[in-house]
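**Q** Sharing a structure below in structure tokens format, with a few things to ask.
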Amino acid sequence: ESRQMTGVGVAGRDDEQNQQRTSRANLNARNGPAQYLSAKVASKPATAAKTPGAVHMPGRHIQQSQRHNRSIRDTSSEDGPAQDVLAANCSAVMTRQRSIFGIGNGDVFIPDKIEKRDTRFCCEMKKDVGKDTLLLSLLCIIVTASVSTPFAMKLRSPTTDVFFNDSSSNTSAYGSPTISPSLDFYSQRLISVRHALELIANTTAFDNPRSPQRRAMEWISNEDERIISPDQTAILAQRYALATLSFSTEGERWFNKANFLSPDHECDWNDITTFGAGAYCSDGNNVDTIKLGRNNLKGTLPPEISLLTSLKFVDMKSNNVWGPIPSSLGDLSLLEYFHMGSNGMTGTIPASLGNWIRVEDINLNQNDFFGVIPSLGRLTNLKSLVLSNNKLSGSIPDS
């Protein structure tokens, strides 16, 4: 009887094992390796030895595997190939985790925290992908804007010669520019300022982007906080002349910047506390004095100084000013004092200086002037004329 019972028990176990194999095969065919692992775990008796630090929860493991497979199927069907790849990666993570903790050997010891974390990651992967796509799109827009904005600004920059092309503006019958509505404010202002200065100053220098004249014009147009209207010709000319002097003699390196290129009125471009370097106005509006002696001026004397028609006093001695005296300075009919000694000026002394009928003191010593001394017979108020240490030749004129 015991043998019969044993035989029956063996046959029963064989039938049970056959049913389990059939069930596993069907699950494997329908749902792939993940469900097969779940079925295998479910078929094992819960008699394995517990590993320290692990939690023995076969039912929860089966639930998580089923939930995992549902997330994979949902992701694949709804979001296309990109989500299929993410789902496959998630499946690989879960499979690797189970193999590490002995699932392949029939054990069911799933560390709760790691299992929970990975399962949550796989279940929430679908939602996170939408957020990542949105963030990536925003990042692309920001990068594109940051790259394109400087380029667009460069195209609109007033320092580019495109705004000096005649096609960008027209001239009315009265000589004032008619601005194209497509240009921005700064471009329109630059064109207007240039047209205004062309009526009072040398225009050829504006075509050279490195010339002091061009730099002064651009500073007035786009950088000067004291926005001068192009219609204010006298004020514009005075500010332009002093700005050109600054750019022509490296004003940024002067020992005393004298408040030049500030938003203040030109009459306040000076060190008033000590009556030191700078430009001064006796009447509060028109510059009549320039004091920049021993102030580290380096460069040439610009002809635009002649635009300061009220000028009476000029002192730029003991600097590093070179080049000729502009003949246009002869137009300063009110000049009384002209001191350019101890510089490096060259060329001949212009005959136009004979127009300084009010001048009392001329000092050009220690320069490199050459040639003959021009006729100064009209300078009836002249009291001092210093021409020593130059390379002059000929005789002193009788007149």
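The values are calculated or read from the model by the stated rules, or taken from the named source; none is laboratory data. The model shown is predicted, which means the values in this text are computed figures rather than measured ones. All Cβ positions, even for glycine, are placed from backbone atoms using ideal geometry, and neighbour counts span all protein chains on display. Heavy atoms of the whole protein, side chains included, go into the accessibility calculation; ligands, DNA and RNA do not. Shrake-Rupley method; radii C 1.70, N 1.55, O 1.52, S 1.80 Å.
**Q** Can you say whether ILE272 is assigned to a loop (DSSP other than H, G, I, E, B) and open to solvent by 20 Å² or more (accessible area, probe 1.4 Å), as far as the supplied structure shows?
**A** Yes; evaluated as a whole, the condition is true for this residue.
**Q** Is one or more of the residues making up segment 254-263 in contact with a Ser or Thr (Cβ under 7 Å, 6 or more places away or on another chain), on the phi > 0 side of the Ramachandran plot and touching a residue at least 40 places away in the same chain (Cβ under 8 Å)?
**A** Within segment 254-263 (the criterion being in contact with a Ser or Thr (Cβ under 7 Å, 6 or more places away or on another chain), on the phi > 0 side of the Ramachandran plot and touching a residue at least 40 places away in the same chain (Cβ under 8 Å)), the answer is yes, since at least one residue qualifies.
**Q** Determine, yes or no, whether LEU307 is under 18 Å from PRO212 (Cβ atoms) and either out of contact with any strand residue (DSSP E or B) (no Cβ under 7 Å at 6 or more places or on another chain) or open to solvent by 40 Å² or more (accessible area, probe 1.4 Å) (or both).
**A** When the stated conditions are applied, LEU307 passes them.
**Q** Something else now. Hey, could you check segment 188-210 for residues that are loosely packed, with under 15 Cβ neighbours inside 10 Å and hydroxyl-bearing (Ser, Thr, Tyr) and say which is farthest from ASN222 (Cα to Cα)?
**A** Here the answer is THR204.
**Q** Go over the candidates ILE290, ILE396 one by one and state the one that is modelled with pLDDT of 95 or more and among the hydrophobic types (A, V, I, L, M, F, W, C).
**A** So the residue among ILE290, ILE396 that is modelled with pLDDT of 95 or more and among the hydrophobic types (A, V, I, L, M, F, W, C) is ILE290.
**Q** In segment 234-261, what residues are open to solvent by 50 Å² or more (accessible area, probe 1.4 Å), in a helix (DSSP H, G or I) and of a type in the set (A, V, I, L, M)?
**A** Result: ALA234, ILE235.
**Q** Which one of these does ASP264 not meet: (1) closer than 26 Å to LYS312 by Cα; (2) surrounded by 17 or more Cβ atoms within 10 Å (Cβ to Cβ); (3) of a type outside the set (Phe, Trp, Tyr)?
**A** Result: ASP264 passes all but (2).
Yes/no matrix, rows are residues, columns are (1) modelled with pLDDT of 95 or more; (2) surrounded by 17 or more Cβ atoms within 10 Å (Cβ to Cβ); (3) not in a helix (DSSP H, G or I):
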site: LEU311; (1), (2), (3): yes, yes, yes
site: SER318; (1), (2), (3): yes, yes, yes
site: TRP322; (1), (2), (3): yes, no, yes
site: ILE325; (1), (2), (3): yes, yes, yes
site: LEU329; (1), (2), (3): yes, yes, no
site: PHE338; (1), (2), (3): yes, yes, yes
site: SER342; (1), (2), (3): yes, yes, yes
site: ARG358; (1), (2), (3): yes, no, yes
site: ILE362; (1), (2), (3): yes, yes, yes
